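Reviewing the structure listed below.
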């Protein structure tokens, strides 16, 4: 973790927390990104506006950040495209199986002191760490 910066990490966490609070207080919805995206299919008119606005804000925020601070999005991938694709599919499957994603359980659920979210976070952190170690150690990151 040579690029860890406590200050920018703290600021990023505060911004994420504020965004989750705004969504909770203004729309009365939890900022679980997989649920927000999943709720768009099929589109329900009365429910789509806030979902599209939230997702557009995520995209716009990333775009603005990449223009203002390009170093923030520099990535060096150490895993194969197949490994990353498989990981993404497994995360999607896991978020459906667990009834929520890392943002829903990890940010909003833990913030509300939900025991269900605590169990979910412990489960996906543990399985994520084990999986990353196995893929990295036994497959060299290339599946």
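The values are calculated or read from the model by the stated rules, or taken from the named source; none is laboratory data. Please read these numbers as outputs of a predicted model, since none were measured by experiment. So basically every Cβ, Gly included, is an ideal-geometry build from the backbone, and we count neighbours across all protein chains shown.
Below, the figures for the structure above:
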read-out	value
Unique match (being loosely packed, with under 11 Cβ neighbours inside 10 Å and more than 20 Å from residue 21 (Cα to Cα)) among 90, 75	75
Residue within the range 122-141 that is part of a loop (DSSP other than H, G, I, E, B), free of Cβ contacts under 8 Å to residues at least 60 places away in the same chain, more than 18 Å from residue 20 (Cα to Cα) and not assigned by TED's automatic domain parsing to the domain that holds residue 14 present	yes
Test: residue in the range 57-67 that is in contact (Cβ under 8 Å) with a residue 12 or more places away in the chain and either surrounded by 10 or more Cβ atoms within 10 Å (Cβ to Cβ) or assigned to a helix (DSSP H, G or I) (or both)	yes
Selection status of residue 13, in a helix (DSSP H, G or I) and under 27 Å from residue 78 (Cβ atoms)	yes
Residue within the range 20-42 that is over 20 Å from residue 95 (Cβ atoms) and within 17 Å of the chain's Cα centre (by Cα) present	yes
Residue match in the range 28-39 (condition: in contact with a helix residue (DSSP H, G or I) (Cβ under 6 Å, 6 or more places away or on another chain) and surrounded by fewer than 13 Cβ atoms within 10 Å (Cβ to Cβ))	no
Single residue of 75, 65, 84 found to be at pLDDT below 80 and under 18 Å from the mean Cα position of the chain (by Cα)	75
Condition broken by residue 34, with the remaining ones in (1) in contact (Cβ under 8 Å) with a residue 40 or more places away in the chain; (2) part of a loop (DSSP other than H, G, I, E, B); (3) within 24 Å of residue 132 (Cβ to Cβ) satisfied	(2)
